[in-house]
1. Filter the range 54-73 down to residues that are of a type in the set (A, V, I, L, M, F, W, C) and in a loop (DSSP other than H, G, I, E, B) and give me whichever is most open to solvent (accessible area, probe 1.4 Å).
2. Out of the range 15-35, which residues are open to solvent by 40 Å² or more (accessible area, probe 1.4 Å), β-branched (Val, Ile, Thr) and in contact with a strand residue (DSSP E or B) (Cβ under 9 Å, 6 or more places away or on another chain)?
3. Against the condition open to solvent by less than 50 Å² (accessible area, probe 1.4 Å), under 19 Å from Ser16 (Cα atoms) and part of a loop (DSSP other than H, G, I, E, B), how does Ser76 come out, does it pass?
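The values are calculated or read from the model by the stated rules, or taken from the named source; none is laboratory data. For clarity, every value in this text was computed on a predicted model and none was experimentally measured. Positions of Cβ are backbone-derived with ideal geometry, glycine not excepted, and every protein chain shown enters the neighbour counts. Areas reflect the complete protein model, heavy atoms only, side chains present, ligands, DNA and RNA absent. Shrake-Rupley method; radii C 1.70, N 1.55, O 1.52, S 1.80 Å.
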Amino acid sequence: VADAPDVNSLAALSVSNGLSYGLIIPGDNSSEITTTVTNAGNVVLDTELVGDNMCVDYPTCAGYTIGVGYQEFSMSTFTYGTGTDLTTLNNRIEFNLSKSTVYPSDSLKDFYWRLGLPALQDYGDYTGKNYMYAVNDNI
């Protein structure tokens, strides 16, 4: 059809909630936290995950710090030590989150998260940021 409208691709997502691991004793790990990702665009999505170190004085991190790799994630429930370590480099995840054909979107998938603390970690209220980016699955 010569006059068909052109629709650009939009890779967009929405995440249900932030992560709050709560109080964890050094040498232990958190309960599992679930975040639900919704495809808010019009293409099949993969994601890229990246995070910052967590610290008691974020974002300066001049005080006590927990390395980003102590956070683990998975696309299914897991026990700490068997998930994928979060890194400070973009990590592409083959998420294959289908595009929705209705509004609001009904295309959802869950990510599962845990945090483990080294046995000699200092007590504190640690804060950091994780980033989840929408990536067109076809690229």
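1. By that ranking, first place goes to Ala62.
2. Hits for the range 15-35 are Val15, Thr34.
3. no
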